[in-house]
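Following: one structure in structure tokens, then a few remarks.
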Amino acid sequence: MADQAKTYWTSEPAHGTGGRYRVVVSRLPGGKGAARDQFSATLFRRGESGEEAVETDFWHGTTPPHDLDKVRFREKAKRAADSAAPESSPAPAEQEAPATSE
């Protein structure tokens, strides 16, 4: 059934020191009868090798996201872009304490 999921809404990409992030809300049809559609949100990071899911299904529900949800999704992407360090950058070197002579 995962191949039936369709993109319902996508946030604009947020750029920052941590990279480029966006949130995608997918809709999975409920099928026949009384089954309800399922919606879920995933945070994606665009890297050199393409886009990868960073946090899957961090929001889900049976109703589409409201405007306030979409604002929170945009803020989540912006926070991730501003705070996360890109994987391709080297880790900061640890500073050694200066040797003291006694």
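Bear in mind these aren't lab numbers, they're just calculated from the coordinates by the rules spelled out. In this text, all values refer to a predicted model and were calculated from it rather than measured experimentally. Virtual Cβ from ideal backbone geometry, glycine too; neighbours counted across all protein chains shown.
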Which whole-angstrom value gives the distance between the alpha carbon centres of segment 45-66 and segment 19-40? 11 Å
Dipole of segment 2-83, positive direction: furthest Cα of Leu28, Ala77, Thr63, with charges on the beta-carbon: Thr63
Could you give the length gained by full extension between Ala35 and His15, i.e. 0.36 nm per residue of separation minus their alpha carbon distance, to one decimal place? 3.4 nm
For Gln4, placing the label point 7 angstrom along Cα-to-beta-carbon and taking segment 12-33, residues whose amide nitrogen sits under 18 Å are 26-33
Among the chymotrypsin sites (Phe, Trp or Tyr not before Pro) in segment 1-66, which ones are in a DSSP loop with at most 13 other Cβ atoms within 10 Å of the Cβ? Mind listing them? none
